[in-house]
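Peer 1: What follows is a structure written as structure tokens; I'll ask about it next.
The values are calculated or read from the model by the stated rules, or taken from the named source; none is laboratory data. Since the structure is predicted, the reported quantities are computational estimates derived from the model, not experimental observations. Here Cβ is always computed from backbone atoms with ideal geometry, including for glycine, and neighbour counts include all displayed protein chains.
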Amino acid sequence: MNTIKKIAIYVLLTGAAGLFYSNGAWAGIPIEQWTQASGVQVYLVQSQAIPMLDVEIDFDAGSRRDAADQAGLASVTAGMTSKGVLASDAEPALDENALSEAWADLGASFGADASGDRMSFSLRSLTYPDLLSKATQLAARQLGEPAFPPAIWQRERETLNAAIREANTRPATLAARAFSAAVYGQHPYGFEMTEATLARISVADMKAMYRALILPCRAKVTIVGAVNRAQADSLVTQLFSRLSPAASVAGNATAPSACPALPAVAEVAPLGQALEKRIAFDSAQTHVLIGQPGFKRDDPDYFALTVGNYILGGGGFVSRLTTEVREKRGLSYSVYSYFAPGLHAGAFTLGLQTRPDQTSQAVQVSRDVLAKFVANGPTETELQAAKDHLIGGFALRIDSNRKLLDNVASMAWNKLPLDYLATWTQQVKKVSAADIRAAFARKLQPDKMVTVVLGNPS
């Protein structure tokens, strides 16, 4: 095994992406941004600590683009991009084994996944010129010429069906499914991949989705690593060299950067009234989920809600829910709350597990704590402790290239200002108890929430 490959494998396996700056210097992170003629939006952070490169490519092709009867289409399409590439010019086709071996030989990695909003492709490679060039060429083939082999899809579908059947035996899965359906209603955020929806997904469906959504003009590319702007721009051009421009998809002579408009996705509907679902399941613990649609990521209340939720239930053992539900009453080992904002209003969730004979009390105490927090907000002592923790721990959010990549990609995706990371601590410092009380009152309605209780009916 050659030296470069040994180094690459070591870095990839250990996740040692390297520190961007020494502690305390993160406030000056420079983010360069430009748009190529093809429409690709590029965000670059130069990090010269080690010869590594991390790249994330995001498209508006997440599960919010799935039809209800084909839930899971985005997810399986992303997964199938690693199952082989087509032959082109003088390059032979690569099946999934040959593709995997090619990446292993380079000591690099490239893969895709889909979330509710995005389909994301991730490249990691050393930046030695010969190695990075080969990794970029291979990534371009996988991004632009995925094979979507039908036989492999049949195998993958059976594997997914088996996983679904196994997941259906888990109480946590069933509770989460019922909660999601009740909170989101007919919105795609609430769609569930099932054996029935998988049966309706064909290779032709994957190819059609890919052709329509995976276009350069729809891409946002985030790069963190040991490259300069010229190198990054050349790398992005090469990555997209095998994808069709928007003009060919639109079927007209418009400029390549002019993407055809995508259908609008409706917003998550607010809940009109409280809903309680009790599901009988033979288990030692009762699973409880309480919540409602929350807020979108670009909401101006973001920082007030983030700080407030740390106090309410996101701070682990120092949260108010833990104090009242666990410490004072012993009703649950763990109780938590969180928001999941996206392009649409992601759910606010309060969750816990408790003994069946304590279920009613645990639910009532949790509701009371939530209602009191929404009505009155935090104390000044709670607020200061939350700020100290969040500000003190901020450097750990960006202490590696990978973490920094995640943050900058999120900024790009959600159209946040380029100084977002530099001003993050100042935004947290500015939050007052009144801000939190007002923000929670605007977003949460404790008397109109979904409550799912799954467990032994006795």
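Peer 1: For LEU160, work out the one condition from (1) in contact (Cβ under 8 Å) with a residue 40 or more places away in the chain; (2) farther than 24 Å from MET193 by Cα; (3) in a helix (DSSP H, G or I) it doesn't fulfil.
Peer 2: Result: LEU160 fails condition (2) only.
Peer 1: On to the next question. Restricted to region 45-65, and to residues that are small (Gly, Ala, Ser) and either buried (at least 22 other Cβ atoms within 10 Å of the Cβ) or under 13 Å from the mean Cα position of the chain (by Cα) (or both), which residue is modelled with the lowest pLDDT?
Peer 2: This residue is SER47.
Peer 1: Determine, yes or no, whether ASP357 is among the acidic types (Asp, Glu), assigned by TED's automatic domain parsing to the domain that holds THR306 and surrounded by 17 or more Cβ atoms within 10 Å (Cβ to Cβ).
Peer 2: No: the conditions fail for ASP357.
Peer 1: Go through region 411-458 residue by residue and tally those that are acidic (Asp, Glu) and crowded, with 16+ Cβ neighbours inside 10 Å.
Peer 2: Residues flagged as acidic (Asp, Glu) and crowded, with 16+ Cβ neighbours inside 10 Å within region 411-458 amount to 1.
For (1) surrounded by fewer than 23 Cβ atoms within 10 Å (Cβ to Cβ); (2) more than 27 Å from SER47 (Cβ to Cβ); (3) not assigned by TED's automatic domain parsing to the domain that holds ARG177, each residue gets a yes or a no:
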residue	(1), (2), (3)
VAL85	no, yes, no
ALA108	no, no, no
LEU123	no, no, no
TYR128	yes, no, no
LYS134	yes, no, no
GLN142	no, no, no
ALA151	yes, yes, no
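The rows are residues; the columns are (1) in contact (Cβ under 8 Å) with a residue 24 or more places away in the chain; (2) under 20 Å from the mean Cα position of the chain (by Cα); (3) over 23 Å from ALA441 (Cα atoms).
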residue	(1), (2), (3)
ARG326	no, no, yes
LEU331	yes, no, yes
SER334	no, no, yes
PHE348	yes, yes, no
VAL365	yes, no, no
ALA371	yes, no, no
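Peer 1: So SER248 passes all but one of these: (1) farther than 23 Å from ILE57 by Cβ; (2) at pLDDT below 95. Which condition number does it fail?
Peer 2: Every listed condition holds for SER248 apart from (1).
Peer 1: Run down ASP58, ASP69 and say which single residue is assigned by TED's automatic domain parsing to the domain that holds LEU239, among the acidic types (Asp, Glu) and either in a helix (DSSP H, G or I) or more than 30 Å from ALA395 (Cα to Cα) (or both).
Peer 2: ASP69
Peer 1: Condition (residue is part of a helix (DSSP H, G or I), assigned by TED's automatic domain parsing to the domain that holds PRO149 and surrounded by 15 or more Cβ atoms within 10 Å (Cβ to Cβ)) applied to region 90-99: is it met by at least one residue?
Peer 2: yes
Peer 1: Still on this structure, please answer the following. Does TYR302 satisfy being in the same structural domain as GLN361 (by TED's automatic domain parsing), free of Cβ contacts under 8 Å to residues at least 24 places away in the same chain, more than 15 Å from ALA385 (Cα to Cα) and not aliphatic (A, V, I, L, M)?
Peer 2: In short, no.
Peer 1: Also, I was wondering about something else. From the list LYS372, LYS328, LYS296, pick out the single residue that is in contact with a His (Cβ under 8 Å, 6 or more places away or on another chain) and in the same structural domain as PRO417 (by TED's automatic domain parsing).
Peer 2: Every option except LYS296 fails the conditions.
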